[in-house]
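Everything below concerns the one structure shown next.
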């Protein structure tokens, strides 16, 4: 996990997707979810180590299988574009098998838990544009990008 700005983190090491997170005084806003259950759980744990507040929102940038299958690990409302929300709402109780098969072929070990994933439906959607206003973290000022090593614990409780 790399901090690219004040309280703004990205992770590019997960198979298939890049994910992000923004820390606010109210909690964490996540952008996309890792493709595989173990990676999703790991991402959530990393975020819990850098911020005492819970995940408040998960933003999905699209409805591709590599982003939607592991949203349940975030225990947060999902925000997506209306098109993605319609796609997710069209699924029955489980994700379509072709999505699971595609990710399982790409990474058989990582895909073992995928068939057990229930569909998580968006709580919020938008059509054209959306602005989210969250209060920023206080007293955070860094002059360079930092890599998270597991020891960083500077946060507002």
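Overview of values
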read-out	value
Full-stretch length increase - residue 107, residue 131 - with 0.36 nm per residue and alpha-carbon distance subtracted	5.1 nm
Full-extension gain in nm, residue 10 to residue 97, via 0.36 nm per residue minus C-alpha separation	28.4 nm
Fewest-first sequence of 88, 23 by Cβ atoms within 10 Å of each Cβ	88, 23
Antiparallel %, DSSP beta bridges [both residues in segment 2-137], to 5	60
Computed label-point distance, nm, for sites residue 38 and residue 124 using a 7 Å Cα→Cβ extension	3.4
Normalised per residue, the volume of the convex hull around the Cα set of segment 2-137 (Å³)	100
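Since every read-out is calculated from the coordinates, none of them should be taken as a lab result. Everything numeric in this text was worked out from a predicted model, so none of it was measured. Note: ideal-geometry Cβ built from the backbone for every residue, glycine included; neighbour counts use all protein chains shown.
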